[in-house]
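S.K.: Sharing a structure with you now.
The values are calculated or read from the model by the stated rules, or taken from the named source; none is laboratory data. Only a predicted model underlies this, so the values are computations on that prediction, with no experimental measurement involved. Methodologically, a virtual Cβ is constructed for each residue, glycine included, from the backbone with ideal geometry; neighbour enumeration extends over all protein chains shown. Surface accessibility is based on the protein's heavy atoms, side chains included, excluding ligands, DNA and RNA. Shrake-Rupley method; radii C 1.70, N 1.55, O 1.52, S 1.80 Å.
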Amino acid sequence: MDQFIMKGGVPLRGEVMIGGAKNAALGIIAGALLTDDDVIIENLPDVRDINVMLEALKEIGAKVDRENRHTVRINATNVDSVSIDDEYIRKIRASYYFIGALLGKYHRAMVPLPGGCAIGSRPIDQHIKGFRALGSGVQIKNGCVQAEAKTGLKGAHIYLDVVSVGATINIMLASVLAEGRTIIENVAKEPHIVDVANFLNSMGANIKGAGTDTIRIRGVQKLHGTDYAVIPDQIEAGTFMCAAAATRGDVLIKNVIPKHLESISAKLLEMGNTIYEYDEAIRVIGTAELRPTDVKTLPYPGFPTDMQPQISVVLALANGTSVVTESIFENRFKYVDELARMGSNIKVEGNVSVIDGVHGFTGASVNALDLRAGAALVIAGLAAEGITTVNEIGFIQRGYEHFEKKLQALGAQIEAVSSERDAQKFRLKVS
């Protein structure tokens with residue numbers, strides 16, 4: 001019964017350090033397979049999705065040494081299988097990055113269809129389109145993606161029908177060792193795309209254009225080892241920005257790249273919050289009177305879909321009506337029913353939610369239905385009057401390292417508990 005239990009109503013104040021970007025690290029870990037040399041990855045977040053990826057590497061024979069909690073050394077010299085069949089790997093979306101990496105180096109891969117949060121349809125048709133264009137046969141059999149390029153991979157011109165972060169990274173992983181030149185058009189531009197490309201380039205790859213609409217890759221014969229630090233996590237940073245705004249707090253968020261947070265900063269500013277940007281930090285001071293605004297999720301540099309639940313919690317406390325349009329995932333509003341238990345007033349029609357702000361939330365028992373929805377419910381609990389319990393926190397722990405400890409350091413009254421007895425102790429302590 002792992003839960004977060006919290007007593008809200010305390011403005012968050014202080015400093016918080018942001019960890020490495022989970023979504024970048026997942027692609028980088030898979031990319032470590034592309035060389036037989038040592039790859040050292042620093043600023044790695046210690047979260048469940050990352051640990052599942054590292055365990056999967058061990059399963060196929062790679063040597064994985066945790067030098068410390070945030071640094072890992074990977075050596076893929078003794079990889080003896082291109083088949084990943086691990087019960088945990090089915091639980092995370094990023095398992096599909098192993099297809100691109102294994103196909104790129106060994107020209108064969110067998111990987112379970114991806115799992116992850118049930119936030120909507122996330123087909124891998126663009127991944128398959130890319131692999132086939134590079135010369136690989138691909139079939140889905142027994143719940144696995146099976147890919148093989150018997151004569152090796154050849155560079156190709158690939159146009160993605162829809163902007164896809166996963167497909168962009170996966171095709172990059174597959175094509176850096178392919179013969180000739182690969183051009184990928186209509187690609188995603190997210191910061192973690194650029195980070196994976198920079199990582200591969202640090203290994204000797206020849207990738208140009210990451211962060212623009214078109215990526216050009218000239219295949220090389222071999223990649224070498226590298227020592228690389230993952231960029232800060234823009235979604236973790238954005239979550240703490242929203243937590244500061246929702247609780248009317250004052251939080252300095254350190255180890256961030258402010259440019260990656262511009263769309264989030266813009267919306268919080270529109271709502272009346274104060275924001276100061278520094279070289280590697282951002283400070284959010286919440287306002288007592290939040291103003292409503294409209295938000296539409298879009299591929300980067302637009303407002304990130306992974307921040308939609310968190311900003312919606314802040315909007316639900318604004319003085320007026322806001323409209324949120326979700327253009328990426330169709331099931332991203334499942335948290336709305338949970339938030340209603342706390343007193344919110346949100347109506348959902350298709351991919352649009354109309355949020356009538358309320359003066360405050362009240363504590364309730366709610367369920368985290370996915371990673372970002374879970375984080376949003378924690379924010380709501382911190383802003384609410386009374387005690388809130390958030391169940392199914394395994395979703396949250398997939399993407400946030402020591403979430404409750406970082407919040408405690410900001411003055412939040414929150415604990416992770418695993419029994420009703422522990423929950424009762426917390427209630428007595430804060431009563």
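S.K.: Using only Cα atoms, find the angle between the long axis of helix 234-246 and the longest principal axis of the chain, and express it within 0 to 90 degrees, rounded to the nearest 10.
M.R.: Once rounded, one gets 10 degrees.
S.K.: With θ set to phi - 60°, apply the Karplus curve 6.51 cos²θ - 1.76 cosθ + 1.60 along the stretch 357-366 and write out the HN-Hα couplings as whole Hz, x wherever there is a Gly or Pro.
M.R.: Result, rounded to whole Hz: x, 10, 6, x, 9, 10, x, 7, 9, 10.
S.K.: Each residue of the stretch 32-39 in turn: what ³J(HN,Hα) in whole Hz from Karplus with 6.51, -1.76, 1.60 and θ = phi - 60°, glycine and Pro shown as x?
M.R.: Using θ = phi - 60°, the values come out as 4, 5, 7, 9, 8, 7, 5, 10 Hz.
S.K.: Excluding ligands, DNA and RNA, what is the solvent-accessible area per residue of the stretch 188-336 at a probe of 1.4 Å, expressed in Å²?
M.R.: Values: 5430 Å² over 149 residues.
Normalised by residue count, the accessible surface of the stretch 188-336 is 36 Å².
S.K.: Antiparallel as a % of all DSSP beta bridges within the stretch 153-271, to the nearest 5?
M.R.: For the stretch 153-271, the DSSP antiparallel bridge percentage is about 60.
S.K.: If you place +1 on the Cβ of every Lys and Arg, -1 on the Cβ of every Asp and Glu, and leave all else neutral, what size is the dipole of the chain about its Cα centre, to the nearest 20 Debye? Before the final figure, lay out the partial values.
M.R.: Working: 45 positive and 50 negative charges, 82 e Å.
Once rounded to the nearest 20, the dipole reads 400 debye.
S.K.: Quick check: pseudo-label points 7 Å beyond the Cα along Cα→Cβ at GLU67 and ILE140, how many nm apart are they?
M.R.: Simple spin-label model gives 4.0 nm for this pair.
S.K.: Taking the highest mean first, how do the peptides 11-22, 259-270, 240-251, 131-142 order by number of other beta carbon atoms within 10 angstrom per residue?
M.R.: Answer by packing, highest mean first, reads 240-251, 11-22, 259-270, 131-142.
S.K.: For the stretch 425-431, what does the Karplus curve 6.51 cos²θ - 1.76 cosθ + 1.60, with θ = phi - 60°, yield as ³J(HN,Hα) per residue in whole Hz, taken in order and with x for Gly and Pro?
M.R.: Computed from phi, the couplings for the stretch 425-431 are 4, 4, 4, 5, 5, 9, 6 Hz.
S.K.: Pairing the Cα long axis of helix 22-31 with the longest principal axis of the chain, what angle in degrees results, from 0 to 90 and rounded to the nearest 10?
M.R.: Approximately 10 degrees, to the nearest 10.
S.K.: Mind scanning LYS267/LYS405; LYS58/LYS208; LYS208/LYS296; LYS129/LYS154; LYS58/LYS154; LYS105/LYS154 and naming the pairs with a C-alpha gap bigger than 20 Å?
M.R.: Over 20 Å apart, Cα to Cα: LYS267/LYS405; LYS58/LYS208; LYS208/LYS296; LYS58/LYS154.
S.K.: Check which residues have an amide H placed less than 5 Å from PHE303's amide H, if you skip close sequence neighbours.
M.R.: Amide H neighbours of PHE303: LEU298.
S.K.: Next question, about the same structure. Give the distance, in whole Å, between the Cα centre of the stretch 306-361 and the Cα centre of the stretch 235-304.
M.R.: Result: 17 Å between the Cα centres.
S.K.: Say we join alpha carbon atoms closer than 10 Å with springs in a Gaussian network model of the chain; which of THR212, THR182, THR297 then has the biggest fluctuation?
M.R.: Residue with maximal mean-square fluctuation among THR212, THR182, THR297: THR212.
S.K.: What fraction of the DSSP beta bridges in the chain is antiparallel, stated in percent and rounded to the nearest 5?
M.R.: Antiparallel bridges: around 70 percent, rounded to the nearest 5.
S.K.: Search the structure for amide H atoms under 5 Å from the amide H of ALA156, placed 1.01 Å from N in the peptide plane, and list their residues when 5 or more places away or on another chain.
M.R.: Here the answer is THR182, ILE183, since their amide H atoms fall under 5 Å of that of ALA156.
S.K.: So what is the calculated 222 nm ellipticity per residue for the chain, using -39500 (n - 2.57) for each DSSP H run with n of 4 or more, over all residues, to the nearest 500 deg cm²/dmol? Spell out each step's value before the answer.
M.R.: On the way: 14 runs with 134 residues, N = 431.
Result for the chain, helices only: -9000 deg cm²/dmol.
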